[in-house]
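The values are calculated or read from the model by the stated rules, or taken from the named source; none is laboratory data. Nothing here was measured: the structure is a model prediction, and the numbers come from that model. Using ideal geometry, Cβ is built from the backbone for each residue, glycine included, and neighbour counts are taken over all protein chains shown. Only protein heavy atoms, including side chains, enter the accessible area calculation; ligands, DNA and RNA are left aside. Shrake-Rupley method; radii C 1.70, N 1.55, O 1.52, S 1.80 Å.
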Amino acid sequence: MTFTTLGLSEPLLRAVAATGYTQPTPIQSKAIPAVLAGADIMAAAQTGTGKTAGFTLPMLQRLAALPQQKQPAVRALLLTPTRELAAQVHASIRTYGKFLTLRSTVVFGGVNINPQIKELRAGVDILVATPGRLLDLVQQRAVRLDSVNILVLDEADRMLDMGFIHDLKRIMSLLPRQRQTLMFSATFSPEIRALARNVTNNPQEIDVAPRNSTLDTISQMIFPVAKDGKASLLSHLIRTRNWYQALVFSRTKHGADKLVKRLERDNIQAAAIHSNKSQSQRTRTLENFKKNRIQILVATDIAARGLDIHQLSHVINFDLPHVPEDYIHRIGRTGRAGASGQAISLVSPDENKQLQSIERLIKRRIEREAIPEFA
Ligand code: AMP
């Protein structure tokens with residue numbers, strides 16, 4: 001299968017060729033023709049499957065086929081749970097749309113609203129937004145949503161987890177009923193299915209990764225350790241196993257900051273990313289990490305959601321998440337788009353219950369490796 005046989009037009013094929021992708025991923029093979037045909041879709045796809053291009057490419061093609069507007073009004077709205085994901089989705093729109101003349105922008109909270117108002121008033125065809133900031137902008141009459149033809153909900157499960165349901169309902173009430181809706185979610189809970197019934201119309205269901213199971217390209221490992229030995233074990237493992245560019249999950253912001261200090265004391269370049277950091281700090285940290293100026297990135301679940309980091313070889317659970325599904329989200333940061341990855345969890349005896357729930361969810365037992373000095 002090639003991108004050409006999926007029905008993409010020349011400007012999009014050229015953009016895809018420029019990225020170097022040679023073959024569509026499974027989600028792309030299924031979603032692209034369906035979206036081009038005008039269907040609503042509800043797709044179970046984790047990060048790393050190539051889903052962003054799966055909705056961006058056909059969306060751009062459909063928008064480009066519409067008559068040009070003199071004063072652009074928002075015709076495609078893409079909602080994401082986090083700022084980072086919004087920025088990444090927008091970057092994809094820029095990448096794939098570079099041979100088209102569609103105008104796009106991205107808006108999210110935590111930064112000055114005035115430049116966003118100005119840009120929206122000038123007119124855009126495509127808007128990527130987080131729900132809260134979008135509603136602020138609607139309230140300030142900076143943007144209208146009554147011309148939206150295509151709605152994309154990315155990581156819908158996470159939007160619900162983060163409490164965006166009321167914001168979503170308000171946004172839906174402002175959109176035309178006649179539209180195409182594309183909904184993506186890593187997992188399909190009853191709540192997600194209920195949302196899908198409300199926002200989509202007879203959606204085509206697309207399921208590429210088996211639901212609630214982890215990607216097969218990720219090898220998983222547990223290191224049993226006493227609670228207060230976790231930081232030294234981590235330091236030890238990073239040094240002795242040459243882990244490079246690892247993303248470490250911490251359940252709390254405080255824990256993330258503490259761990260960074262500890263790693264720095266051991267001469268390991270580390271930085272934290274969480275919601276107490278300003279948007280510009282987070283962007284800078286991510287940049288430094290991608291450019292290998294930081295070896296270890298410590299993040300909380302919400303901040304890490306949607307981070308698109310190429311070739312992340314290691315994801316480390318410094319603490320296990322309370323919600324077992326978060327384990328799948330976390331380790332989905334590695335082993336993306338076919339590259340192999342390792343997911344490592346440091347598990348103390350008080351976390352046994354969480355570990356059991358995780359193993360039940362992924363339907364497999366994770367291998368243990370005890371390091372004598374630490375176990
Ligand atoms: P996503 O699941 O959308 O976050 O994409 C995961 C990663 O896969 C991103 O880094 C993309 O750049 C990359 N990617 C997307 N489509 C392809 C493809 N057809 N071939 C190779 N890599 C891809």
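One table, with the values for the structure above:
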read-out	value
Residue that is least open to solvent (accessible area, probe 1.4 Å), among those in region 30-44 that are in contact with a helix residue (DSSP H, G or I) (Cβ under 7 Å, 6 or more places away or on another chain), away from the ligand (no atom under 14 Å from the Cβ) and in a helix (DSSP H, G or I)	35
Sole residue being buried (at least 22 other Cβ atoms within 10 Å of the Cβ), modelled with pLDDT of 80 or more and not assigned by TED's automatic domain parsing to the domain that holds residue 25, chosen from 313, 345	345
Meets criteria (on the phi < 0 side of the Ramachandran plot, open to solvent by 10 Å² or more (accessible area, probe 1.4 Å) and in contact with a Leu (Cβ under 8 Å, 6 or more places away or on another chain)) for residue 286	yes
Some residue of region 236-245 being surrounded by fewer than 19 Cβ atoms within 10 Å (Cβ to Cβ), modelled with pLDDT under 95 and either closer than 30 Å to residue 144 by Cα or touching a Pro at 6+ places or on another chain (Cβ under 6 Å) (or both)	no
Residue in region 19-29 that is within 11 Å of the ligand (Cβ to nearest atom) and among the hydrophobic types (A, V, I, L, M, F, W, C) present	yes
Residue tally, condition open to solvent by 20 Å² or more (accessible area, probe 1.4 Å) and either in a helix (DSSP H, G or I) or within 14 Å of residue 181 (Cα to Cα) (or both), over region 45-72	5
Subset of region 1-18 that is open to solvent by less than 50 Å² (accessible area, probe 1.4 Å) and away from the ligand (no atom under 11 Å from the Cβ) - its residue that is farthest from residue 96 (Cα to Cα)	7
